[in-house]
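Chemist: Provided herewith is a single structure, encoded as structure tokens, for subsequent inquiry.
The values are calculated or read from the model by the stated rules, or taken from the named source; none is laboratory data. As the structure is a prediction and not an experimental result, all values here were calculated from the model. Positions of Cβ are generated from backbone atoms using ideal geometry, with glycine treated the same way; all protein chains shown enter the neighbour counts. For accessibility, only protein heavy atoms count, side chains too; no ligands or nucleic acids. Shrake-Rupley method; radii C 1.70, N 1.55, O 1.52, S 1.80 Å.
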Amino acid sequence: MRDSLERYTADQLLVPTAETTILYQQLHRTGVHWHDYYELVYVIEGTAEHVVNGVSHAVGPGSMFLLTPADFHEILPTGDGPLTCYNVVIDPSALDGQQLQELLPTAPEGSVRMICGYRDAEADFRRLYAESQQQRPGTAALMHALLRCILIEFARRCEQAPGTQPQRPFRTDSGIQRAILYIDHHFREQLTLAEVAAQAHLSPNYFSERFRAFTGTSFQAYLQQRRLRFARSLLAATGIGVTEACHAAGFNSVSHFGRAYRRRYGQAPSAFRAVQAAAGAGVWNPAPLALTGS
């Protein structure tokens, strides 16, 4: 029985002075957890059921997937041995706001960015891992370049996958993109417009104008969408109650959370939880969890 929902932070996994860490892992099973960083995983050997935000995906050699700070996931190996993989921990500061936002492939809300059968990528991950094990002149720059190449190819292949949304139009505004990454990293906190505007080195009023022009929505609406997605993923992936999911996502009022949730998703969060419970009956029935490491 799961009695806690683990949260992993970049500080726990990043080596000192590094902005990107790559791990070689053999996973027997992971409980439901989430991260405050981006996680890029490439499967070398083995098969598993990968449950992301309550939805199961089959992964095997050549599978690659990218998880965001709003995703909850669990890995359940299905073969005789463990799932052997490379796991890249990407702190948002590893690439500046403009670069990271441009490189990340788009995905429908709540879904996982994933491709399968990409065996050729193993050589790139092997080189990235080998470089991380040495401290030579240019190591950080080379790791940065290798990661960019991997993400570019990943985004291109995601675009070709059936049902994938078209790539975002190319836009550049490094200040706003840096602010977006800050929101994505801290949305569970009580963020203010002034605090986020400071990340872009802009006044609150001018930041609001630039933010709307870039995203097509207001700062408050974007922040609420991030919190709602987090809460919906939490309800789908765990047994946490609606009230706890509300506060874990950064909402102060359960009634406000319920109204916002219904406006966005067309049903109450309690109704969504009931549907998820019915769909998972006899297949995957998560026990009530308590957030830890927040």
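Chemist: Could you please find all residues in segment 238-259 being touching a helix residue (DSSP H, G or I) at 6+ places or on another chain (Cβ under 9 Å), in a helix (DSSP H, G or I) and of a type in the set (Gly, Ala, Ser)? Before the answer, list the steps.
Modeler: Here is the first cut: in segment 238-259, the residues touching a helix residue (DSSP H, G or I) at 6+ places or on another chain (Cβ under 9 Å) are 238-254, 256-258.
This time we only want the ones that are in a helix (DSSP H, G or I), so: 242-248, 254, 256-258.
Hits for segment 238-259 are Ala245, Ala248, Gly258.
Chemist: Same structure, new question: Out of Arg136, Arg156, Arg171, report the one residue that is outside any loop (DSSP other than H, G, I, E, B) and modelled with pLDDT under 90. Before the answer, list the steps.
Modeler: Details: Arg136 fails: outside any loop (DSSP other than H, G, I, E, B); Arg171 fails: outside any loop (DSSP other than H, G, I, E, B).
On inspection, the qualifying residue turns out to be Arg156.
Chemist: Only one residue in Gly216, Gly241, Gly250 is over 18 Å from His185 (Cβ atoms), of a type in the set (Gly, Ala, Ser) and either open to solvent by less than 50 Å² (accessible area, probe 1.4 Å) or in contact with a Phe, Trp or Tyr (Cβ under 8 Å, 6 or more places away or on another chain) (or both), so which one is that? Spell out how you get there, then give the answer.
Modeler: Values: Gly216 fails: either open to solvent by less than 50 Å² (accessible area, probe 1.4 Å) or in contact with a Phe, Trp or Tyr (Cβ under 8 Å, 6 or more places away or on another chain) (or both); Gly250 fails: over 18 Å from His185 (Cβ atoms).
Selected residue: Gly241, the only one of Gly216, Gly241, Gly250 that is over 18 Å from His185 (Cβ atoms), of a type in the set (Gly, Ala, Ser) and either open to solvent by less than 50 Å² (accessible area, probe 1.4 Å) or in contact with a Phe, Trp or Tyr (Cβ under 8 Å, 6 or more places away or on another chain) (or both).
Chemist: Next question, about the same structure. Taking segment 1-52 only, how many residues are at pLDDT below 80, in a strand (DSSP E or B) and either more than 16 Å from the chain's Cα centre (by Cα) or of a type in the set (A, V, I, L, M, F, W, C) (or both)?
Modeler: 1
Chemist: For segment 92-103, give me each residue that is in contact with a Ser or Thr (Cβ under 8 Å, 6 or more places away or on another chain) and either open to solvent by less than 30 Å² (accessible area, probe 1.4 Å) or at pLDDT 90 or above (or both).
Modeler: Ala94, Gly97 - these are the residues of segment 92-103 that are in contact with a Ser or Thr (Cβ under 8 Å, 6 or more places away or on another chain) and either open to solvent by less than 30 Å² (accessible area, probe 1.4 Å) or at pLDDT 90 or above (or both).
Chemist: Taking the condition of being open to solvent by 10 Å² or more (accessible area, probe 1.4 Å) and either at pLDDT 95 or above or part of a strand (DSSP E or B) (or both), how many residues in segment 61-82 meet it?
Modeler: 3
Chemist: While we're here: Kindly provide the set of residues from segment 47-60 that are open to solvent by 20 Å² or more (accessible area, probe 1.4 Å) and in contact with a Leu (Cβ under 6 Å, 6 or more places away or on another chain), ordered by number.
Modeler: The one that is open to solvent by 20 Å² or more (accessible area, probe 1.4 Å) and in contact with a Leu (Cβ under 6 Å, 6 or more places away or on another chain): Glu49.
Chemist: Quick one: is Leu228 buried (at least 19 other Cβ atoms within 10 Å of the Cβ), modelled with pLDDT under 90 and either within 19 Å of the chain's Cα centre (by Cα) or part of a loop (DSSP other than H, G, I, E, B) (or both)?
Modeler: The answer is no for Leu228.
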